[in-house]
Amino acid sequence: MSQEMDKIYNPKESEEKIYQMWEGKGYFTPKIEKGKKPFGKDQGKPFTVLLPPPNANDPLHMGHALFVVEDILCRWHRMKSEPVLFLPGTDHAGIETQYVFEKRLKEQGKSRFDFDRDTLYRMINDFVEQNRGVAKIQMKKLGFGLDWTRERYTLEPAILETVFATFRKLHEDGLIYRNDGIVNYCTYCGTAFSELEVEHIEKDDFLYFLDYGAISIATTRPETIFADTAVAVNPKDKRYKNLIGKTAFMPITNKELLIIADDLVDMEFGAGALKITPAHDSADFEIGKKHELEPVKIIDTNGKMINVPEKYLGLYAKQARQAVLGDLKAAGKLTKTEPLRHSVGICYRCKNIIEPLAMPQWFIKIAPLAKPALEAVKKEKIKIIPKRFEKLYLQWMENIRDWNISRQIVWGPRIPAWYCLSCNPDIVVSFVSEKGEKVFGKYQDIKKQYDFAEIKKGLQSLTAPKDAVFFLDETPCEKCKSTDILQETDTFDTWFSSGQWPFTTLLASRGSNSKFKMQSSKLRNNLDYTTEDFEYFYPTSVLDTMWDILFFWVARMIMLCIYVTGKIPFEVAHMHCRVVDKKGQKMSKSRGNVINPIEMVDKYGADALRMALVFSSAPGSDVCLGEENFLAMRKFTNKIWNAARFVLSAAEQNGNHKLQTINYKLAPQTEADKQILKTLDETVKEITKDLENFYFHEAAQKIYHFFWHTFCDIYIEQAKKQIAEGDSRQKENTCQILLYVLRESMKLLHPFMPFITEQIYQMLPNKDAEALIIAPWPRV
RNA sequence: GCGCGAUUAGCUCAGUCGGUUAGAGCGUACGGUUCACAUCCGUAAGGCCGCAGGUUCGAUUCCUGCAUCGCGCACCA
């Protein structure tokens, strides 16, 4: 045996073969024994983990490699002979993917507006399909023990059916509404966002004081004066008390504006008087609503000026600001300019400034969903680790706001709502005509020129008024029987579907209705919520992810899963650390400090990569990684390999033929014998406890230290003497202890470094299972 | 503005009920081995555990304040 072992461990040669062996033998696919209750006596409760689905269009980055935490848990539980399901999948990642794709379009000198939505959707789909397999191969390379027979994708019909059914249920429960408020719109990404996708940054700007006739106001956005519908002061403000109800005049246009009073106005700030621009500011919108002011829109979804004096028409808001300022100055209406540092909202994706726009969006009334989700964590039905994230979660949940789930992009499941054009003639459509022109306008204005079929075929988007009547089925209009109906063009926020991942995946095993099509179809009314997988594996055991998506994903999952299934989605939410570079900086392409996990696997082996990741990473913090970390762990793999090489050759030379039994009774003879067995027992105890407590880094460090310094440096050195100097009984006994400690060490190490440990285990004469992956976890 | 973290060796980080001599990886210096180990082993240097108070027999650990950095939340035009 030892003659076959090279002096150095070569991961490349063994890793792929071993993975194929595991997968081929079905170790990743748990057995559900029919007739036995999952919690029954004969079978332990299954251990279930869902892999947070990576973006389907993207290769893995170092962050994904940290899912090794889940693999460690799964492998450990599998060795404790529990049925284990570790379920893989990928996410269509709506805005992220479309953003990447649009960049490619731009490189070709094109934009999304050159295509009708069906064509664009197909193009993105093709792009994603080309890349979708990459992540799968990579996850196998990392050694993740995933059940590939249950692989899922957020856009597969069996998943979408359930997602749409949830939407229908929400609607039936009165929890879906279309708003008429201000939404966070990114004119660069071309879509509205929920408040979570808005980041706030401090920005140095100017506060401009403008002469409004009877009163002077202060604003940072002079270009929006044309959208003013009033001027507001605080009712308690003595300076302006006598002006309330009087008239102010908008500079440049001289439009009359009523001076109103509202508590929201801060007397201390600026001039203590505020111009009210309901269509382009959320606070103004609220004030406007109270005072029944009709919003005037002057910025469109491209960020360009509309409904303004001709000279500003079509300018971007930023350009318009300079132009308007110049004219205000010339007219003597700009009385003062002060520097101002304030916070502005920017798009988390493209970092451009968010434009608050008044436009209808689909919202979920979230309070009824948040309440049980809050309780679940408060009552510790769900534990969030580390604990401090629990505080964050509770804080956010207690102040949660309704969730905008509609996005004006094509890449994603289209919201299953249909409008009758005859009943909603005010619907605005934009489409590409058969001649290839881009047409935009109210349906009632353009229907004479273009017939319905042409509009439907070239449709890019539609904007329905807030109160538009819609149906949840693609059927002729219930009212007027018209067949001129169009589906909503908004798509779901990606998190709306990934927020349902724990049950959509487990329900998907029922298959899907063959008539079901992805983009437009009826919802199935009576979905089967009783699949074997769902009954057996739900709720799942542990969810592990990075803390940056605690609200985006974890919180939404808890809410949606409890709402739909009545049960919590997982018992533990574990937040793993963030991978940063050697200097503590976030890894990003633009910084050029990205370490590709697959390159590291090729260079140092998957085991070294995995061990390096968990070795120095406390949960919820940052782990700084440089190549030296992987190098250090490759040295460790080599150490393991050579220790095994020594033990096996020593055993062989000292009566291997006698060592075939696994039941050899260990009889420690020397002090060293006693010590190593005692320390092994202690290590087993500690590591088991660490794993129970999610102290992965502690466990990793302990097994590292035990193997290298206690076993190799001390015991093996001692064993050499015992073999050289002892009698035949001691020789044999020493070899037995060496083999035993090696075997148990391989077990302890296996969750962390699965490949090399399995490889060595297969060579052992004292195996106690056909493969290490299913060998019994050491007990004390 | 409110809240949450962090501050420990030259660097990057651990340190789970308060308890003897505060640890690891990498780096540095010296010695050894080359018949398990593209290496490995041994030894060493290096720490006011951010600062100031408090509780305690005893504080890196618990409490208060401060400083610096990071993050989350927040409609100040």
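The values are calculated or read from the model by the stated rules, or taken from the named source; none is laboratory data. Small disclaimer: the values here were computed from a predicted structure and weren't measured. Counting neighbours? That spans all protein chains shown, and the Cβs are built from the backbone with ideal geometry, glycine included. Just so you know, the surface numbers come from the protein's heavy atoms only, side chains and all, with ligands and any DNA or RNA stripped out. Shrake-Rupley method; radii C 1.70, N 1.55, O 1.52, S 1.80 Å.
Computed quantities for the displayed model
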item	result
Interchain or long-range residues, amide H under 5 Å from A:Leu459's placed H	A:Arg117, A:Val432
Extent along principal axes [Cα atoms of segment A:59-172; Å; largest to smallest]	57, 42, 21
Exposure of A:Tyr99 as accessible area (Å², to 10), given a probe of 1.4 Å and all protein chains	50
Solvent-accessible surface ranking, highest first, for A:Asp544, A:Asp467 at 1.4 angstrom	A:Asp467, A:Asp544
Amide N of segment A:214-250 lying under 20 Å from the label point, which is placed 7 angstrom from the Cα of A:Gln322 along Cα→Cβ	A:220-226
Placed amide H near A:Leu357: partners under 5 Å, 5+ positions off or other chain	A:Val183, A:Tyr185
Extended-chain gain in nm, criterion 0.36 nm per residue less alpha-carbon gap, A:Asn307 and A:Arg388	24.2 nm
Convex hull (Cα only) mean projected area of segment A:110-152, reported in nm² to one decimal	4.3
Where labels lie 7 Å past Cα in the beta-carbon direction, separation of A:Arg779 and A:Glu692 in nm	1.4
Length added when fully stretched, A:Lys379-A:Glu294, from 0.36 nm per residue minus Cα-Cα	26.0 nm
Nearest-ten-degree value, helix A:157-172 long axis tilted from longest Cα axis of chain A	50
Within chain A: Cβ-based charge dipole about Cα centre, in debye rounded to nearest 20 (Lys, Arg +1; Asp, Glu -1)	400
Per-selection metrics, segment A:389-472 (Cα): Rg and Dmax in Å	18.0, 59
Heavy atoms of A:Asp173: accessible area, 1.4 Å probe, square angstrom to 10	90
Two-site FRET efficiency, A:Thr247 against A:Thr220, from Cβ-Cβ distance with R₀ of 22 Å, rounded to 0.05	0.35
Fully extended contour minus Cα-Cα distance, from A:Met763 to A:Lys481, at 0.36 nm per residue	94.1 nm
Unsatisfied cross-links (Cα-Cα over 19 Å) in the set A:Lys603/A:Lys639; A:Lys136/A:Lys639; A:Lys665/A:Lys702; A:Lys106/A:Lys435	A:Lys136/A:Lys639; A:Lys665/A:Lys702; A:Lys106/A:Lys435
Alpha-carbon gyration tensor eigenvalues x 5, square-rooted, for segment A:673-745, Å	28, 11, 8
Phi to ³J(HN,Hα) by Karplus 6.51 cos²θ - 1.76 cosθ + 1.60 over segment A:666-680, Hz, x for Gly, Pro	6, 10, x, 10, 9, 4, 4, 4, 4, 5, 5, 5, 5, 5, 4
Within segment A:675-706: backbone nitrogen closer than 15 Å to the A:Glu571 label point (7 Å, Cα to C-beta)	A:691-694
Heavy atoms of A:Leu264 accessible to a 1.4 Å probe, total area in Å² rounded to 10	110
Apportionment of accessible area to carbon and sulfur, segment A:347-488, percent (1.4 Å)	51
Inter-label distance for A:Glu195 and A:Ser616, nm, one decimal - labels placed 7 Å from Cα along Cα-to-Cβ	4.0
Per residue accessible area of segment A:564-603, 1.4 Å probe, in Å²	51
Binned Cα-Cα distances of segment A:307-423, short to long, each 10 Å bin given as a whole percent	9, 21, 25, 22, 15, 8, 1
FRET efficiency, 1/(1 + (r/R0)^6) with R0 45 Å, evaluated for A:Ser728 and A:Arg591 via beta carbons	0.10
Förster radius 60 Å - calculated FRET efficiency between A:Met267 and A:Lys603, Cβ distance, rounded to 0.05	0.40
Cα long-axis angle, helix A:388-398 against chain A (0 to 90 degrees, to the nearest 10)	30
Under 5 Å, built H, 5+ apart or other chain: amide partners of A:Phe206	A:Leu340
Pairwise label distance in nanometres, A:Ile353 with A:Lys45, each label 7 Å out on the Cα-Cβ vector	5.3
Average accessible area per residue (Å²) across segment A:4-161 - probe 1.4 Å, nucleic acids and ligands excluded	44
Fraction of antiparallel bridges per DSSP, chain A only, in percent to nearest 5	70
Residues in segment A:274-288 reached by a label modelled at A:Leu258 [backbone nitrogen below 15 Å; 7 Å Cα→Cβ]	A:276-278, A:287-288
Table column - 3J(HN,Hα) (Hz), segment A:278-285, Karplus curve with 6.51, -1.76, 1.60, x for Gly and Pro	x, 7, 9, 7, 6, 5, 4, 4
Descending Cα extents along the principal axes, segment A:372-425, whole Å	54, 23, 18
Principal axis dimensions, largest first and in whole angstrom, of chain A by Cα	110, 60, 51
By accessible area with a 1.4 Å probe, ligands and nucleic acids excluded, highest first: order of A:His171, A:His574	A:His171, A:His574
Dipole of segment A:325-398, positive direction: furthest Cα of A:Cys350, A:Gln361, A:Leu334, with charges on the beta-carbon	A:Cys350
